[in-house]
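Asks: Let me give you the structure first, and then I'll get to my questions.
Read the figures in this text as sums done on the coordinates, not as results from a lab. Bear in mind that the values here come from a model prediction, so they are computed numbers and not experimental data. Here the Cβ is made from the backbone with ideal geometry for all residues, glycine too, and neighbour counts use every protein chain on show.
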Amino acid sequence: MISLSLALCISAFGSLCLGMPRHFEQTFQRKSPPLLSRALRGLGWLLLGLAILPAIDALGPSVGLALWASALTIAAAGQALLLTYQPRLIMPVSLLAPLLALPLLAV
């Protein structure tokens, strides 16, 4: 469950990054349509809210919220590094993070 929370945070920050016209253009070398930017930002905020649920479910509200804050920090640092060095990897990493966390849920 903790890995799912981290994966959702990574996807959320990827959506929020791509929702900004500057980072969208940096990643795809073209302007982003305003409607797509708005939709990506909304998706990012939704995923950040959903990332709280697995953390609280696994460890309770007090420890779960602290874990969620830690996951936010790790995901934000990872996205910042991707934006700096490999901006084209933001989309694949954001899409694959939840899929890679699913096998860990069975453990």
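Asks: Which of the residues belonging to segment 9-64 are among the aromatic types (F, W, Y) and either touching a Cys at 6+ places or on another chain (Cβ under 6 Å) or without any contact (Cβ under 8 Å) to a residue 12 or more places away in the chain (or both)?
Replies: F28 - this is the single residue of segment 9-64 that is among the aromatic types (F, W, Y) and either touching a Cys at 6+ places or on another chain (Cβ under 6 Å) or without any contact (Cβ under 8 Å) to a residue 12 or more places away in the chain (or both).
Asks: With the structure loaded, tell me whether A76 is without any contact (Cβ under 8 Å) to a residue 12 or more places away in the chain and more than 20 Å from L102 (Cα to Cα) or whether it fails that test.
Replies: Criteria not met by A76.
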